[in-house]
Amino acid sequence: MVWVQKEIKLEQRRRGFHVITDEVLRQIPELKKIKTGILHIHIKHTSASLTINENVSPDVLSDMENHFNKMVPENMPYYDHNSEGPDDMPAHIKTSILGNSLSIPITNGDLNLGTWQGIYLCEHRNHGDGRKVVITIWGEE
Amino acid sequence: MVWVQKEIKLEQRRRGFHVITDEVLRQIPELKKIKTGILHIHIKHTSASLTINENVSPDVLSDMENHFNKMVPENMPYYDHNSEGPDDMPAHIKTSILGNSLSIPITNGDLNLGTWQGIYLCEHRNHGDGRKVVITIWGEE
Amino acid sequence: MVWVQKEIKLEQRRRGFHVITDEVLRQIPELKKIKTGILHIHIKHTSASLTINENVSPDVLSDMENHFNKMVPENMPYYDHNSEGPDDMPAHIKTSILGNSLSIPITNGDLNLGTWQGIYLCEHRNHGDGRKVVITIWGEE
């Protein structure tokens, strides 16, 4: 069994959806050693999230942002948690809808994603800092 | 430690929500060997998803489809990604809301699901092909 | 490798979002033994869910409940599954949006959550009983 775990800070990104597959993979050369296993990535925040989606078309990224802004609008009269601005509470809700972590199969030293799948960082705040993630990989050599 | 991983193609299904627990279990007789462990199932697509929900009532399946169609409508004016038809971008959004993978506890050679829980394939395209999934199980004998 | 798995019944809670991190941690003193690993928690129901979100402000909990009630309303004309009351079908839908399980990294004998992250039980029924969860932890000492 191989276990590798590291905490890294992702590059700061503007509000919206961003493909970060390569940035994640650069951090874990140890992946190559694992024949069968799992990569787990956890974001240590409650106003940014992780998902897997289409890795080529920029308009998927912007359509996702536009739809989540409609489905979870700012300034709803029933929001009491507004201390950090109108993007505060929607960011919490979007994070729980999309999720804080991903588990991805590892096969023969590589992520076993579909051809069109990429890892997304979803930045829900207007001015989020670089986000911290914990990457854990485990499996058999 | 036991590790088993296989990639399979699920039967083709029409747009909507479908219980696939038995189809998944048929693929992994090795489950019986694991006393304590986890089953992970990952769908290699960005327009179909996996979730766990009620495994008996057909009207839960159709109500889910109807509600997701309302919550993520087709033909929104802010969608730019329409190249494959009106079901294209909603399928991407629904996939990120529901998720690409499930992790389920294994106890004494069986999935430790609740009585009413089943694994759902959520087919978001009008004409999706049979969907590829990677099943990974690991645990102690 | 350490494997620990136990099924517990959480305290009964009223409809809404509740921070349960401490109740979960009390059940698994074995966590202290694990240097690098994963905690997985699975809820064995289709009308209550688990998520990670802000662990301090009570208004995040109530804003979440209010927003999910708006995004997944009761008594929609397209619901056929109403046998257990108007909160029945919305509870199923909310459960699939939020999810049935969480995977959280373990580092040096503790959950590696962000400062503001807590584990939430999301009770979607008006009169849910105490909910059963399966907690599995695995990792290296």
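The values are calculated or read from the model by the stated rules, or taken from the named source; none is laboratory data. Everything quoted here is computed from the prediction, not taken from an experiment. Glycine also receives a Cβ, built like all others from the backbone with ideal geometry; neighbour counts cover every protein chain displayed. Quick note on the areas: whole protein, heavy atoms, side chains included, nothing else; ligands and nucleic acids left out. Shrake-Rupley method; radii C 1.70, N 1.55, O 1.52, S 1.80 Å.
Could you list, in sequence order, the residues of the stretch C:57-74 that are open to solvent by 10 Å² or more (accessible area, probe 1.4 Å) and either touching a strand residue (DSSP E or B) at 6+ places or on another chain (Cβ under 8 Å) or of a type in the set (D, E, K, R) (or both)?
Correct list: C:ASP59, C:LEU61, C:SER62, C:GLU65, C:LYS70, C:GLU74.
Going by the structure shown, is A:ASN108 over 21 Å from the mean Cα position of the chain (by Cα), among the polar types (S, T, N, Q) and within 27 Å of B:HIS42 (Cβ to Cβ)?
Criteria met by A:ASN108.
Name the residues in the stretch A:116-126 that are in contact with a Lys or Arg (Cβ under 8 Å, 6 or more places away or on another chain) and either part of a strand (DSSP E or B) or open to solvent by 10 Å² or more (accessible area, probe 1.4 Å) (or both), would you?
Correct list: A:GLN117, A:LEU121, A:CYS122, A:GLU123, A:ARG125, A:ASN126.
Could we say that C:LYS94 is among the basic types (Lys, Arg), in contact (Cβ under 8 Å) with a residue 24 or more places away in the chain and within 11 Å of chain A (Cβ to nearest Cβ) here?
Here the answer is yes, as C:LYS94 does meet what is asked.
Would you mention how many residues in the stretch B:1-45 are among the basic types (Lys, Arg) and free of Cβ contacts under 8 Å to residues at least 40 places away in the same chain?
Number of matching residues: 1.
Within the stretch C:105-130, count every residue that is within 23 Å of A:ILE93 (Cα to Cα) and within 11 Å of another protein chain (Cβ to nearest Cβ).
Going through the stretch C:105-130 one residue at a time, the tally reaches 12.
Just to verify a result, which residue in the stretch B:16-49, among those that are hydrophobic (A, V, I, L, M, F, W, C) and either crowded, with 22+ Cβ neighbours inside 10 Å or modelled with pLDDT under 95 (or both), is farthest from A:LEU39 (Cα to Cα)?
Restricting to residues being hydrophobic (A, V, I, L, M, F, W, C) and either crowded, with 22+ Cβ neighbours inside 10 Å or modelled with pLDDT under 95 (or both), the top hit is B:PHE17.
What are the residues in the stretch B:75-98 that are assigned to a loop (DSSP other than H, G, I, E, B) and surrounded by 17 or more Cβ atoms within 10 Å (Cβ to Cβ), if any?
Scanning the stretch B:75-98 gives B:TYR79, B:HIS81, B:ASP87.
Is it the case, given these coordinates, that B:SER101 is in contact with a strand residue (DSSP E or B) (Cβ under 9 Å, 6 or more places away or on another chain), open to solvent by less than 10 Å² (accessible area, probe 1.4 Å), within 14 Å of chain A (Cβ to nearest Cβ) and small (Gly, Ala, Ser)?
The answer is no for B:SER101.
What are the pairs, 6+ residues apart or on separate chains, where a residue within the stretch B:68-80 that is more than 9 Å from every other protein chain (Cβ to nearest Cβ) has its Cβ under 6 Å from a residue that is open to solvent by 30 Å² or more (accessible area, probe 1.4 Å)?
As it stands, the answer is B:GLU74/B:PRO86; B:ASN75/B:PRO86, since those pairs meet every condition given.
Which ones in the stretch A:127-141 are among the small types (Gly, Ala, Ser) and either surrounded by fewer than 23 Cβ atoms within 10 Å (Cβ to Cβ) or touching a Cys at 6+ places or on another chain (Cβ under 9 Å) (or both)?
Passing the criteria: A:GLY128, A:GLY130.
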